[in-house]
1. Checking VAL175 against (1) closer than 21 Å to GLU299 by Cβ; (2) touching a Pro at 6+ places or on another chain (Cβ under 6 Å); (3) aliphatic (A, V, I, L, M), only one condition comes out false. Which one?
2. State all residues of region 119-144 that are in contact with a strand residue (DSSP E or B) (Cβ under 9 Å, 6 or more places away or on another chain), in a loop (DSSP other than H, G, I, E, B), surrounded by 20 or more Cβ atoms within 10 Å (Cβ to Cβ) and not β-branched (Val, Ile, Thr); if no residue qualifies, say none.
3. Would you point out which residue out of ASP323, ASP316 is over 14 Å from VAL83 (Cα atoms), touching a residue at least 24 places away in the same chain (Cβ under 8 Å), acidic (Asp, Glu) and assigned to a helix (DSSP H, G or I)?
4. Looking at VAL47, VAL103, VAL62, which one is touching a helix residue (DSSP H, G or I) at 6+ places or on another chain (Cβ under 9 Å), β-branched (Val, Ile, Thr), in a strand (DSSP E or B) and closer than 13 Å to LEU135 by Cα?
5. If the requirement is being modelled with pLDDT of 95 or more and crowded, with 24+ Cβ neighbours inside 10 Å, which of these qualifies: GLY109, GLY164, GLY156?
6. Going by the conditions given, is SER261 within 15 Å of the chain's Cα centre (by Cα) and either over 23 Å from VAL62 (Cβ atoms) or without any contact (Cβ under 8 Å) to a residue 24 or more places away in the chain (or both)?
Amino acid sequence: MNARQYSLAGYVRSGLLCVAVTLFAACGGSGDDGKPATKPPLSFQVVSFGDSISDVGTYAPVAQVVGGGRFTTNPGQVWAQDVANFFGGTLTAAQTGGYGVSVQNHADGLGYAQGGARVTDPNGISFKPNGLGALTVPIVTQLQNHLSAHGNFSDGQLVLVQGGGSDILIHAEAVVAGSEAPADANQAVTVAAQQLAAITAKILASGAKHIVVSNVGNIAMSPRGVNNAALGTVLTGLTSTFNSALMNALQAMGIQNQVISVDQFAFINDVLANFKAKGFLVSNTGTGCNLQLLSKEIEVSSLFCSPKTYTVPDADQTYMFADEVHPTTHLHALFATLVEQAVQAANK
């Protein structure tokens, strides 16, 4: 296996199948006394680009009113925050606002990912003009905003790149609704994957030395895909198309060995196949957030989920999915562990 490529095989061989994962400590990273182990010798400042999976709090000003703030089982963190903590730092939102709350830019925030964001199209999931809905600043603009505010990347930064899920969901739902032909949807997600590879190349050209690129997890096996067979079938095809196109584009650009590739698709499949061994009681047959209780919020989304709306008190640790597509705190922590191990392996 190439030192810059880290997929599930290495994750399983390393024995990282423990079930007691806590925030700020990698799986297998605690001593016998249960206290977090010493942080690794590597130290990075994390910069993150992506969509809701990596959003550290863009819409917190409106969601915090009900105890929400991130697309997970709040107050838990998302994987990008866990990775930042592991390497000695923190990660906060570069921009906040939306859903009627005025937009604020934060010079010290390096978490650019936004829920609903697409790769290059500004019209993401739940977008509304003038900040009345989700902001969905696309990943290509997220990068431009960072370069405008901070200039090039430094050797001491770890850049996390994740995206494509919003593009896949939008096109899959259009196919199921009959408003888009399957061939057109495949072409659209192929282009989006190629654009994400081009964004990665620009990050490299802008001085970044340590870049993690994640493909898209198996959305078809999320509760949304499982509960709608027609949608699940389309999601399977489009996700595979996107992931293959992303890998091919990185290879065509000759940069596949300059980035740390993480296979989120295989990771999700493995956790689903071994969910009880990973510490979960419910895989993709339920949601950790009670969707009926969330129905009174702006959206039925884990963005507005808090302990008051958990399905059961420990749902953040015992369920895989917070809502129909987003991971719980525990699943985020497991994915963060995979990324942390990949970064360490690439920097030996």
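1. (1)
2. Across region 119-144, the qualifying residues are GLY124, LEU135.
3. Of the residues listed, the single one that is over 14 Å from VAL83 (Cα atoms), touching a residue at least 24 places away in the same chain (Cβ under 8 Å), acidic (Asp, Glu) and assigned to a helix (DSSP H, G or I) is ASP316.
4. The conditions single out VAL103.
5. Residue meeting the stated conditions: GLY164.
6. yes
Residue-wise test of (1) closer than 30 Å to GLN144 by Cα; (2) among the charged types (D, E, K, R); (3) surrounded by 23 or more Cβ atoms within 10 Å (Cβ to Cβ).
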| residue | (1), (2), (3) |
| --- | --- |
| GLY207 | yes, no, no |
| THR236 | no, no, no |
| THR239 | yes, no, yes |
| PHE242 | yes, no, yes |
| MET247 | yes, no, no |
| GLY254 | yes, no, no |
| VAL259 | yes, no, yes |
| ASN269 | no, no, no |
| LYS308 | no, yes, no |
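Condition check ((1) farther than 24 Å from ALA208 by Cβ; (2) in contact with a Ser or Thr (Cβ under 7 Å, 6 or more places away or on another chain); (3) not β-branched (Val, Ile, Thr)) across all residues:
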position: ALA94; (1), (2), (3): no, no, yes
position: ALA113; (1), (2), (3): no, yes, yes
position: GLY124; (1), (2), (3): yes, yes, yes
position: PHE127; (1), (2), (3): yes, yes, yes
position: VAL137; (1), (2), (3): no, no, no
position: VAL140; (1), (2), (3): no, yes, no
position: ASP167; (1), (2), (3): no, no, yes
position: PRO182; (1), (2), (3): yes, no, yes
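The values are calculated or read from the model by the stated rules, or taken from the named source; none is laboratory data. These numbers come from a predicted model, not from an experiment. Here the Cβ is made from the backbone with ideal geometry for all residues, glycine too, and neighbour counts use every protein chain on show.
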